[in-house]
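So the structure is just underneath, and the comments pick up after that.
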Amino acid sequence: NPALIHGGPFANIAHGCNSVIATRTALKLGDYVVTEAGFGADLGAEKFFDIKCRISGLRPACAVVVATVRAIKMHGGVAKDALKSENLEAVRAGFANLRRHTGNLAKFGVPVVVSVNRFGGDTKAELDLLTGLCADAGVEAVIAEHWAHGGIGAANLGEAVLATIERKPAAFRTLYPDAMPLREKIRTIACDIYGAADIAIDGRAAERLSEFERAGFGNLPV
């Protein structure tokens, strides 16, 4: 399988995606294209959908969230040096983070699959609990073993994604319309994706937003 590496600055300083040229080239070379949006679904994925897809006209058919038991246990309050010990309560507590990410993706109208990247220290009980929590939340989770076995270890993930694409056609949409004022675009992202109650934009920041809109940039994504 060809891998196209072109562009892709980190999502904390830019849009976190590879170039539109790379994606369009890949679409001409294969039946299915997998592209990464850097960082979590609250940063890279939102920018992928609201910036790259909006500008390019690309319409994704499915979104995959990559998760690990270790990361979920850390979100559940487990210290790094204790991650090797089984902790089902931490999996339950940390799942709230994963549930937020899958919920964020669903707001864009694409079906979601969770890829649980299995590591050697994960216990069967932890993996069973995590996949069960995903099922209860209405999201399919697949235990992938590419960390240990390479590409063949993720074959089941690929099959699950293809089945999801066939079973659940996407109805892709961006989070906000082009015509929405810049302040409201920022509020929408902060509240709908990051869980903020509201935003405050005052002083020079408010003046700059007004300047952008007067200059004709109000229809751009943020």
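Looking only at the stretch 6-32, how many residues end up being touching a strand residue (DSSP E or B) at 6+ places or on another chain (Cβ under 7 Å) and loosely packed, with under 14 Cβ neighbours inside 10 Å?
1
Using the structure shown, decide if Asp198 is touching a helix residue (DSSP H, G or I) at 6+ places or on another chain (Cβ under 9 Å) and either aromatic (Phe, Trp, Tyr) or closer than 30 Å to Val34 by Cα (or both).
Details: touching a helix residue (DSSP H, G or I) at 6+ places or on another chain (Cβ under 9 Å): yes; either aromatic (Phe, Trp, Tyr) or closer than 30 Å to Val34 by Cα (or both): no.
Spelling it out, it is not the case that Asp198 is touching a helix residue (DSSP H, G or I) at 6+ places or on another chain (Cβ under 9 Å) and either aromatic (Phe, Trp, Tyr) or closer than 30 Å to Val34 by Cα (or both).
Just for the stretch 119-146: of the residues that are surrounded by 17 or more Cβ atoms within 10 Å (Cβ to Cβ) and more than 21 Å from the chain's Cα centre (by Cα), which one is farthest from Glu89 (Cα to Cα)?
Result: Asp122.
From the residues in the stretch 167-222 that are within 22 Å of the chain's Cα centre (by Cα) and small (Gly, Ala, Ser), which one is surrounded by the most Cβ atoms within 10 Å (Cβ to Cβ)?
Ala170
Restricting to the stretch 42-65, name every residue that is within 19 Å of Glu140 (Cα to Cα), aliphatic (A, V, I, L, M) and either touching a Cys at 6+ places or on another chain (Cβ under 8 Å) or modelled with pLDDT of 95 or more (or both).
Residues satisfying the conditions are Ala61, Ala63, Val64, Val65.
Could you run through the stretch 90-118 and say how many residues are more than 15 Å from Leu157 (Cβ to Cβ), hydrophobic (A, V, I, L, M, F, W, C) and over 12 Å from the mean Cα position of the chain (by Cα)?
Of the residues in the stretch 90-118, 5 are more than 15 Å from Leu157 (Cβ to Cβ), hydrophobic (A, V, I, L, M, F, W, C) and over 12 Å from the mean Cα position of the chain (by Cα).
Among the residues of the stretch 55-65, write down those that are over 10 Å from the mean Cα position of the chain (by Cα) and either within 19 Å of Phe10 (Cα to Cα) or among the small types (Gly, Ala, Ser) (or both).
Ile55, Ser56, Gly57, Ala61
Select from the stretch 178-204 the residues that are closer than 18 Å to Pro221 by Cβ and in contact (Cβ under 8 Å) with a residue 24 or more places away in the chain and list them in ascending order.
Across the stretch 178-204, the qualifying residues are Asp178, Ala179, Pro181, Leu182, Arg183, Lys185, Ile186, Ile189, Asp192, Ile193, Tyr194.
May I ask you to verify whether Ser115 is exposed (fewer than 15 other Cβ atoms within 10 Å of the Cβ) and touching a residue at least 12 places away in the same chain (Cβ under 8 Å)?
no
I need a count of the residues in the stretch 52-109 that are farther than 28 Å from Thr174 by Cβ, of a type outside the set (A, V, I, L, M) and not in a helix (DSSP H, G or I).
Looking only at that region, the number is 7.
If you check every pair at least six apart or on different chains, which have Cβ atoms under 6 Å apart with a residue in the stretch 205-222 that is modelled with pLDDT of 95 or more first and a residue that is in a helix (DSSP H, G or I) and of a type in the set (A, V, I, L, M, F, W, C) second?
Leu209/Leu182; Gly218/Leu182; Pro221/Ile51
Could you please find all residues in the stretch 152-177 being in contact (Cβ under 8 Å) with a residue 60 or more places away in the chain and of a type in the set (Gly, Ala, Ser)?
Ala170, Ala171, listed by residue number.
The values are calculated or read from the model by the stated rules, or taken from the named source; none is laboratory data. Just so it is clear, the structure is predicted and the values come from calculations on it, not from any experiment. Glycine also receives a Cβ, built like all others from the backbone with ideal geometry; neighbour counts cover every protein chain displayed.
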